[in-house]
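Novice: Got a structure for you, written out below as structure tokens; questions coming shortly.
The values are calculated or read from the model by the stated rules, or taken from the named source; none is laboratory data. As the structure is a prediction and not an experimental result, all values here were calculated from the model. Reconstructed Cβ throughout: ideal geometry from the backbone, glycine too, with neighbour counts over all protein chains shown. Quick note on the areas: whole protein, heavy atoms, side chains included, nothing else; ligands and nucleic acids left out. Shrake-Rupley method; radii C 1.70, N 1.55, O 1.52, S 1.80 Å.
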Amino acid sequence: MHIISEIDNGKIEDTADYESCQICWDSGPDRGDPVTLASLCLFYTFACLAITYTPGPDLILKTPVDVAAQEGGALPEAGTWIPRAEHPEGGDTGGALFLTPEHGFLICKHKGYARKNQLSVSNKLEGDLDVLQLEDVEDELVREEIILSPVSSVLKLQVVSKPIDLSVAKDIKTILFGSSFCCFSDEWKLQSFSFNDSVSLKYGIVQNKGGPCGVLAAVQGCVLQKLLFEGDSSADCARLQPSNARRTHCLALAIADIVWRAGGCERAVVTLASGTQHFSPTGKYKADGVLETLILHSLTCYEELVTFLQQSIHQFEAGPYGCVLLTLSAILSRSTELVRQDFDVPTSHLIGAHGYCTQELVNLLLTGKAVSNVFNDVVELDSGNGDVTLLKGISTRSDIGFLSLFEHYNVCQVGCFLKTPRFPIWVVCSESHFSVLFSQQLELLRDWRAERLFDLYYYDGLANQQEQIRLTVDTTQTVPEDRDNGLVPPLELCIRTKWKGASVNWNGSEPIL
């Protein structure tokens, strides 16, 4: 993280030591007094969250994306001075956003008011990109706090941003809960995609309470795909012990894949919280404090989507609404109309009793379509009298797989598009809970000989897991099937829906019953 340390002769020097960061403004031969940024970390966080935060009459925090939404979707050009308000005597009053060509934006808090165009920027960068020229700084302008965002290319992104309205919010709630009177529970609102602090489980996303486990497991699977099989081909152990920066980067890539896939690989909508209510709830709608504050950001280029999410990832990782934001982003990327068409029954919804994820929501995140079943393709069900009901399943091989305890009890059939995915990672549904199984061997899905004896790793973000659980699966030894034996771990039963009769060694870990 680079924070401004000093402005000397119009030049910005940067430093990584943000805890004792100071700023000096030089408007000529005599240097001004340093300004200590006592609350820099707090303001920096707000800037990264891409929100508008106005706690007082003379403070404004905005990102270029917020300005674009305010200005009808058009991003202002670099070097634009955007006043907070007009002063009666002809000047600008309040705070303002000062955009720069490559470095993102400066946020200023002013006393009194400044005359128009007092601060300008040179559009020519000399040498390193970290060098920024400031010109014409006059003494009349008193700056108390200034923040520079991380290097931001959002100025170059083609993003259409608009605040949510009442009709969209009602439609989303109906898709989610079956009624616009329902609201997200605290288990959902307080859940984000924060990572495990345990050294051996740094790749794992932590779940605080029950409810949104289906969303967390799907995202966990996509994060593991990025960590294990994409990017730097480092050693296996290093892949499962990523740096904080690496796992955050993989989280952004995972979210990008999920919403891009939901948008048919043509478009994506990213919902971010703004901290400001954009409509007044009326009629048959109950406010929950989340949907009413959203800004909807639409993109049509995958590379730009990744860049945008990397700049906004703090809202998903640190939250507090990360899980909600991803769910809404996937729904809007797919569109509420297509989500309804995906359902077998139009009145279905994505969040069921007790706040649990339905199969439709898990399928939306894994495959991009909110279909109701896990078998392959479409099944025609003859209901008599010439009526045929279409039951929709998975239409193509998924990147991340799915195994279900329900299949062991012959309640459902998981097709090969989910059972044999492109990557050896499976979301596991067992006892109304979703968790993840994965292998580090890509050959497991490419070479039948690799299936004779192999390791699977199990991760459950809700189980307060402290150590890695490694299971050794041996398909050369057949275990007799005993459906009435309640002492067989459900996870083993799920594994045997793919590797029939295989023995499972927990390698010293306590079997999960």
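Novice: Applying the selection to region 320-337, what residues are surrounded by fewer than 19 Cβ atoms within 10 Å (Cβ to Cβ) and in contact (Cβ under 8 Å) with a residue 12 or more places away in the chain? Break it down into steps so the answer makes sense when it comes.
Specialist: Pass one, region 320-337, residues surrounded by fewer than 19 Cβ atoms within 10 Å (Cβ to Cβ): 320, 335-337.
Hits for region 320-337 are P320, T336.
Novice: Does region 213-220 include one or more residues that are more than 14 Å from the chain's Cα centre (by Cα), touching a residue at least 40 places away in the same chain (Cβ under 8 Å) and surrounded by 22 or more Cβ atoms within 10 Å (Cβ to Cβ)?
Specialist: Yes, there is a match, as at least one residue in region 213-220 is more than 14 Å from the chain's Cα centre (by Cα), touching a residue at least 40 places away in the same chain (Cβ under 8 Å) and surrounded by 22 or more Cβ atoms within 10 Å (Cβ to Cβ).
Novice: What pairs come up if the first residue lies in region 450-462 and is without any contact (Cβ under 8 Å) to a residue 12 or more places away in the chain, the second is in a loop (DSSP other than H, G, I, E, B), and their beta carbons are under 8 Å apart, counting only those six or more places apart or on different chains?
Specialist: Hits for this filter: A450/Q441.
Residues are listed down the side, and each one gets a yes or a no for (1) under 13 Å from L491 (Cα atoms); (2) open to solvent by 40 Å² or more (accessible area, probe 1.4 Å); (3) touching a strand residue (DSSP E or B) at 6+ places or on another chain (Cβ under 7 Å):
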| residue | (1), (2), (3) |
| --- | --- |
| L418 | no, no, yes |
| C429 | yes, no, yes |
| S432 | yes, yes, no |
| F438 | yes, no, yes |
| L444 | no, no, yes |
| W448 | no, yes, no |
| R452 | no, yes, yes |
| Y457 | yes, no, yes |
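Novice: Would you pick out the residues in region 377-413 that are under 22 Å from F423 (Cβ atoms), open to solvent by less than 40 Å² (accessible area, probe 1.4 Å) and either part of a loop (DSSP other than H, G, I, E, B) or not hydrophobic (A, V, I, L, M, F, W, C) (or both)?
Specialist: G393, S398, D399, I400, G401, S404, E407
Novice: Name the pairs: first residue in region 394-408 and free of Cβ contacts under 8 Å to residues at least 24 places away in the same chain, second residue buried (at least 24 other Cβ atoms within 10 Å of the Cβ), Cβ to Cβ under 9 Å, at least 6 apart or on different chains?
Specialist: Close Cβ pairs satisfying both conditions: F406/V374; F406/V414; F406/C429.
Novice: Hey, does region 224-238 have a residue that's among the polar types (S, T, N, Q), more than 21 Å from A353 (Cα to Cα), within 13 Å of the chain's Cα centre (by Cα) and surrounded by fewer than 22 Cβ atoms within 10 Å (Cβ to Cβ)? Reasoning before the result, please.
Specialist: First pass over region 224-238, keeping only residues among the polar types (S, T, N, Q): 225, 233-234.
Among the residues that remain, those that are also more than 21 Å from A353 (Cα to Cα) are: 225, 233-234.
Subsequent filtering for residues that are within 13 Å of the chain's Cα centre (by Cα) retains none.
Among the residues of region 224-238, not one is among the polar types (S, T, N, Q), more than 21 Å from A353 (Cα to Cα), within 13 Å of the chain's Cα centre (by Cα) and surrounded by fewer than 22 Cβ atoms within 10 Å (Cβ to Cβ), which makes the answer no.
Novice: Separate question: Taking the stated definitions as given, is T347 surrounded by fewer than 23 Cβ atoms within 10 Å (Cβ to Cβ), modelled with pLDDT under 95 and in a loop (DSSP other than H, G, I, E, B)? Outline the logic, then answer.
Specialist: Numbers: surrounded by fewer than 23 Cβ atoms within 10 Å (Cβ to Cβ): yes; modelled with pLDDT under 95: yes; in a loop (DSSP other than H, G, I, E, B): yes.
Criteria met by T347.
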